[in-house]
Amino acid sequence: MNPSKRDGFTSKFGVLVATLGSAVGLGNIWKFPSLTGVNGGAGFLLVYLLATLMVGLPLMMAETTLGRAARANAITTFDRLAPRQHGWKLIGWMGFLSALLIMAFYSEVAGWVYAYIFKAMSGEVLTSDPKIAGEIFGALVSNPTSSLIWQWVVLGITGSIIMLGVSKGIEAVTRKLMPVLYILLLVLCARSLTLEGAARGLTFLFSPDFSKITPTVVLTAFGLAFFKLSLGMGTMLTYGSYFREDQNIPATTTRVMLADLSVSLLAGIAIFPAVFAFGFEPAAGPSLVFMTIPAVFTAMPGGIVFMTIFFILTAIASVGAILSLLEVPVAILSERFGMGRKKASTCTILTIALIGAPAALSQGVLAETKLFGMNAFELFDFLSSNVLLPLGGILICLFVGWVYGLPELEKRLSNEGTLDNRGLIRAVFFLVRYVAPLSIAIVLLHGLKVF
């Protein structure tokens with residue numbers, strides 16, 4: 001495909017909100033608060049911020065730079081940038097596989113969120129009894145019919161958006177959803193901060209207890225920073241290929257990182273003051289969203305309204321991330337295999353529905369069907385988060401640091417010398433060449449239980 005004829009983002013703001021939509025997802029509303037709660041609050045947050053600056057942001061700049069330079073999908077990018085070294089396109093194929101595996105279980109979690117919008121509206125989950133809340137959640141995830149249907153609803157909605165293309169689909173939708181997400185978050189924060197006892201939640205979130213920063217906390221924070229910014233899975237390579245030529249990549253990615261961090265912090269401000277105000281456990285882990293949060297809102301005046309807002313917010317957060325994941329295989333199928341946009345989108349959605357069915361059923365009828373001691377949901381999560389993404393990130397670091405090189409990176413990140421940012425680029429190159437691959441390798445080994 002001729003790069004000049006490819007669809008792309010139409011404005012600098014469109015680039016920003018679309019890339020932010022990829023970074024912001026269930027990780028902000030579901031994973032970040034739960035991991036922050038489990039790992040001691042502010043200390044974990046501090047390490048997470050350090051990890052983002054040392055690894056996440058430099059690698060995000062590098063990935064988007066490669067994508068814009070090649071103007072191609074995640075596989076063809078390496079064919080164009082290293083035409084005589086064919087092995088590097090393995091990174092793109094790993095991204096293709098990662099996107100499918102992540103979507104197989106991520107679409108199921110998003111389906112639970114969609115279901116909880118209606119449960120919240122009806123008042124079905126309006127209970128302060130953790131046992132009852134657990135039974136309601138358990139009934140949803142173990143029911144094979146509802147599990148599959150809600151997963152298909154998610155795939156149907158996001159698939160119809162991805163069929164519209166980059167500018168009319170991804171960009172148009174994220175331009176509308178990202179402002180709404182911030183407004184809803186601010187509404188929840190305002191309500192949470194007015195609760196008696198809210199100060200304890202803010203102390204937990206912003207006053208670090210350094211004694212709680214253990215090696216495991218550090219590795220978890222680095223892993224989250226990597227996962228949260230959609231790195232190592234081909235999404236930033238693909239989105240970078242749609243960037244405008246005059247886009248200031250360092251400035252844009254920094255804004256995305258800061259905006260993504262602000263969403264995570266706002267989610268923490270919305271959740272933890274309420275959790276402490278009503279005496280719930282901040283270290284509830286993944287169940288925080290689906291069992292603890294309904295109980296918190298039940299104890300709050302206007303609970304049904306604010307609980308519904310919360311789950312609508314969480315559903316919105318999932319859309320941008322899902323679109324970026326879908327775009328990786330859709331771009332590959334349409335460009336490398338000559339499929340039309342709609343056919344490539346349909347094939348991707350059907351493949352994910354097929355792969356995702358075991359994940360959707362793994363909390364119920366397939367709960368005892370395991371491989372390496374993991375059900376399908378856990379296996380897909382493990383393979384993508386603990387193996388493919390870290391490996392992809394390490395390989396991208398090695399490619400940029402030892403193949404692509406500093407002169408080419410300077411040329412691209414300075415927009416052919418029009419931006420005066422040589423010092424920044426050299427710092428990014430140093431981090432990508434040395435610090436990031438070593439840090440990610442440690443996270444990879446920890447994820448594989450080597451230590």
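The values are calculated or read from the model by the stated rules, or taken from the named source; none is laboratory data. Values in this document were obtained by computation on a predicted structure and should not be read as measured data. Cβ placement follows ideal geometry from the backbone for every residue including glycine, while neighbour counts extend to all protein chains displayed. Surface accessibility is based on the protein's heavy atoms, side chains included, excluding ligands, DNA and RNA. Shrake-Rupley method; radii C 1.70, N 1.55, O 1.52, S 1.80 Å.
A few notes on this one:
- Solvent-accessible area, 1.4 Å probe, carbon plus sulfur percent, for the chain: 67
- The spacing between segment 172-212 and segment 41-70, judged by their C-alpha centroids, is 22 Å.
- Subtracting the Cα-Cα distance of Val180 and Leu354 from 0.36 nm times their residue separation leaves 59.4 nm of extension gain.
- Pairs beyond 28 Å (Cα-Cα), from Lys31/Lys212; Lys119/Lys342; Lys31/Lys370: Lys119/Lys342
- Relative contact order, percent, the chain [alpha-carbon distance under 8 Å, six or more residues apart]: 34
- Length gained when the stretch Lys342-Thr418 is fully extended (0.36 nm per residue, less Cα-Cα span): 23.5 nm
- Global form of segment 105-185, assessed from the alpha-carbon gyration tensor, a/c cut-off 1.5: oblate
- Note on the chain: with charges restricted to the Cβ of Lys and Arg (+1) and Asp and Glu (-1), its dipole about the Cα centre is near 1040 debye.
- In the full protein context, segment 318-359 carries 33 Å² of accessible surface per residue, based on a 1.4 Å probe and ignoring ligands, DNA and RNA.
- For segment 289-384, alpha-carbon Rg and Dmax in angstrom: 18.2, 56
- Protection proxy ranking of 141-154, 75-88, 291-304, 98-111 - average other beta-carbon atoms within 10 Å, highest first: 98-111, 291-304, 141-154, 75-88
- Partner lysines whose Cα lies under 21 Å from the Cα of Lys343, excluding those fewer than 8 positions away in the same chain, are identified as Lys5, Lys168.
- With the helix formula -39500 (n - 2.57) applied to DSSP H stretches of n ≥ 4, the chain reaches a computed 222 nm mean residue ellipticity of -21500 deg cm²/dmol.
- The C-alpha radius of gyration of the chain, expressed as a fraction of 2.2 N^0.38 Å, stands at 0.94.
- Unsatisfied cross-links (Cα-Cα over 31 Å) in the set Lys176/Lys449; Lys12/Lys411; Lys176/Lys228: Lys176/Lys449
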